[in-house]
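The structure appears below as structure tokens.
Every number in this text was worked out from the coordinates using simple rules, so none of it is lab data. Because the structure is a prediction, the values reported are computed rather than measured. Counting neighbours? That spans all protein chains shown, and the Cβs are built from the backbone with ideal geometry, glycine included.
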Amino acid sequence: MRQIAIVQGHPDRNGGHYGQALATAYTEAATRAGHSVSIISVAELDFPILRTQEEFNSPAVPPAIERAQQTLRSAQHILIVFPLWHGTLPSLLKAFFEQTFRPGFAMEYRTRGLPRRLLKGRSARIIVTMGMPAMLYRWLFGAHGVRVLERSILWWSGISPVRTSYIGRIGELSDQGRRRWLVRAAGWGARGV
């Protein structure tokens, strides 16, 4: 059985979003399968945005970020769910990753060579919902905003493999289409992937 951390990245704390339904389906199936699940709801966290290199390099982090780091450090697998906004992560989620994945937690800079990756041994799945067709985002736009998360944040931290699922035309999905994705999310949760 695996330790799983779920990062619910929708910035609206009022809830009722499809990404939350996906995370719930994943969580319930993972729990039934015997996995241990912890949830980080980014919208509920209180933290400032980073504004300087000194802040980014500082080992001092806000208490909410410290708790998130502990959750992520103890996880073997991380699920990240968010809506695509302007082709990328919502700004609150990006600010969360900037605060959380700092030197000393995610990587360790060295005087020579590449940074040491401190989160090796963990895997991740990203589920992204969007209004545009998923194929258009992937092929025409190159999924640029999500690739930043995959390659500049997770990969540099040592998290691998990272699997990504894009759910396009979210506002036009039929009830049957929504149920199909919930079943997929539950399947991933049951397997802990």
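For the chain, a Gaussian network of Cα nodes joined below 10 Å ranks 87, 145, 113 by mean-square fluctuation, and the top entry is 113.
Which one, 76, 176, 20, has the greatest fluctuation when you compute a Gaussian network model over the chain with C-alpha springs under 10 angstrom? Largest GNM mean-square fluctuation: 176. Less than 5 angstrom separates the built amide H of residue 164 from those of 126, all sequence-distant by 5 or more or on a different chain.
The candidate values are (1) 50, 43, 25; (2) 47, 37, 36; (3) 53, 39, 32; the one derived from this structure for Cα extents along the principal axes in Å carries the label (3).
Over all other residues within a Cβ to Cβ distance under 15 Å of residue 35, the charged ones net out to +4, with Lys and Arg as +1 and Asp and Glu as -1. Which shape class applies to the range 50-99: rounded if a/c is under 1.5, otherwise prolate when a/b exceeds b/c and oblate if not, where a ≥ b ≥ c are the square roots of the Cα gyration tensor eigenvalues? Oblate shape, in that a/c is at least 1.5 and b/c is the bigger or equal ratio. In order along the range 95-103, the phi-based Karplus estimate (6.51 cos²θ - 1.76 cosθ + 1.60, θ = phi - 60°) of 3J(HN,Hα) comes to 4, 4, 5, 5, 5, 7, 8, 8, x Hz; Gly and Pro are listed as x. With contributions of -39500 (n - 2.57) from each DSSP H run of at least four residues, the per-residue ellipticity at 222 nm computed over the chain stands at -9500 deg cm²/dmol.
Only Cα pairs under 8 Å and 6+ residues apart enter the sum, and on that basis the relative contact order of the range 3-191 stands at 29 percent. Take every DSSP beta bridge whose two residues both sit in the range 3-191; close to 10 percent of them are antiparallel. Specify the angular offset, from 0 to 90 degrees and rounded to the nearest 10, of the alpha carbon long axis of helix 63-74 from the longest principal axis of the alpha carbons in the chain. Orientation of helix 63-74: about 80 degrees from the principal axis.
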